[in-house]
Amino acid sequence: MGTLQNGLKAGLRTTWTLGKIIFPITVLVVILQHTPVLPWVIQLVAPIMGVFGLSGEAAIPLVLGNALNLYAGIAGILSLELTVKEVFIIATMLSFSHNMFIETGVALKVGVKLWIVLVVRFGLASLSAIIINLLWQGGGETAQYGMAPKVTDIPDGWLEIGLMGVQKASFGVLQLALIVIPLMIIVQFLKDRNYLQKFSEKLAPFTKVIGVQPNASMTLVAGLVIGLAYGAGVMIQAVQEDGVSKKDATLAFIFLVACHAVIEDTLIFMPLGIPILPLLLIRVVTAFVLTIIVAYIWKRTEQQKEKGVSVADG
């Protein structure tokens, strides 16, 4: 009974913490969609699309995906006639960089610095697009989409737009609660039965490879399976209660930026007529390589600082 009670408390606390981020941001972005702001941003971004091997209109799904989520980005893709290569590049970019407002807010709550979030996410999206564009010569045929875009009624007036924003935001928080509360109860059960400790020990070699302490393993698993926004509940609790350091939280976040919600985020691109196995491999390999490099540089920097301190003391 204590396990259920503690898990429920942790779930409600986390839902409240994340809901305060998700609700206002969702309302704001929905309103911005119906103002000249979003078209202005698209117009601003369009000229640089050629660098990534994309046409100017490809800015639409990229802006939507980054401002909202992958589903909004996919809706943007479905409204355009693009080549297989273009869709693959957009899918790869959005895999690394999407839902920026909410997921950045979540990262800041975990304790990850803003510049790290922006540099890693936008950096990976841009670099992957440039490399794919240079290396892949095929994919020139028009992409055949396996699903049709949903036709929705355009809201009439600011009151309807505001209500739509509140409705979407409320649904977002409710959806979050339905995932986070049972998840926190499961985590509490695993903790109370000592399964979490055993699980962390099994994952120790894996966490060691990317330079993260074993107590951050549950954070990694949660993010890998259910994504950054929902996995944040476990992340926040791990930082507060399990003694996960800011360094390990940052390294885990860097890994998860490249590779989170791997099942859902990969499968939702399937109906767009692109090869999804290369998409998955790009994300997994990038996550390992990037995190190992950052952990190595971080460790070397710490060692240099320690040497400097010992020399000064001597």
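Computed over the alpha-carbon pairs of the chain, the distance histogram in 20 Å steps reads 30, 55, 14, 1 percent, short to long. Among Y296, Y145, Y195, the sequence by solvent-accessible area, most first, with a 1.4 Å probe is Y296, Y195, Y145.
Computed from label points 7 Å out along Cα-Cβ, the spacing between D156 and K208 is 6.7 nm. Less than 5 angstrom separates the built amide H of T83 from those of A143, all sequence-distant by 5 or more or on a different chain. Hey, for a label at I268 modelled as a point 7 Å past Cα toward Cβ, could you say which residues of the range 45-78 have their backbone N under 20 Å away? From the range 45-78, the list is 58-78. Excluding ligands, DNA and RNA, the accessible surface per residue across the chain is 51 Å² with a 1.4 Å probe. Spin-label model, E241/V221: points 7 Å from Cα along the beta carbon direction are separated by 1.5 nm.
Look at the dipole of the chain built from charges on Cβ: of S245, N66, I185, the Cα furthest out on the positive end belongs to S245. For the chain, the dipole from Cβ point charges (+1 on Lys and Arg, -1 on Asp and Glu) about the Cα centre works out to 1020 debye, to the nearest 20. For the range 34-121, place one equal point scatterer on every Cα, skip the solvent, and apply the Debye formula. What is log10 of I(q)/I(0) at q = 0.15, 0.20 Å⁻¹? For the range 34-121, the Cα-only Debye profile gives -0.57, -0.94. In plain terms, the chain from L108 to W298 could stretch by 66.4 nm, reckoned as 0.36 nm per residue minus the Cα-Cα distance. Taking label positions 7 Å along the Cα-Cβ direction at both V166 and W16, the computed distance is 2.2 nm, reported to one decimal. Pairs exceeding a 24 Å alpha-carbon distance, out of K113/K305; K20/K191; K198/K307; K198/K305; K20/K208; K113/K307: K20/K191; K198/K307; K198/K305; K20/K208; K113/K307.
For the listed peptides 33-46, 246-259, 203-216, a ranking on the average number of other beta carbons within 10 Å per residue, highest first, reads 246-259, 203-216, 33-46. The mean sequence distance of close C-alpha pairs (under 8 Å, at least 6 residues apart), as a share of the length of the chain, puts its relative contact order at 23 percent.
With K and R counted +1 and D and E -1, the other residues having a Cβ less than 14 Å from that of V180 yield a net charge of +4. Only the Cβ atoms of Lys and Arg (+1) and of Asp and Glu (-1) were treated as charged; on that basis the dipole of the range 1-129 about its Cα centre amounts to roughly 640 debye.
Taking the C-alpha atoms only, the angle from helix 195-209 to the longest principal axis of the chain is near 70 degrees.
The values are calculated or read from the model by the stated rules, or taken from the named source; none is laboratory data. All of these numbers come straight from a predicted model, not from anything done at the bench. Every residue, glycine as well, gets a Cβ built from its backbone with ideal geometry; the counts of neighbours run over all protein chains shown. The area values use the complete protein model at the heavy-atom level, side chains included, leaving out ligands, DNA and RNA. Shrake-Rupley method; radii C 1.70, N 1.55, O 1.52, S 1.80 Å.
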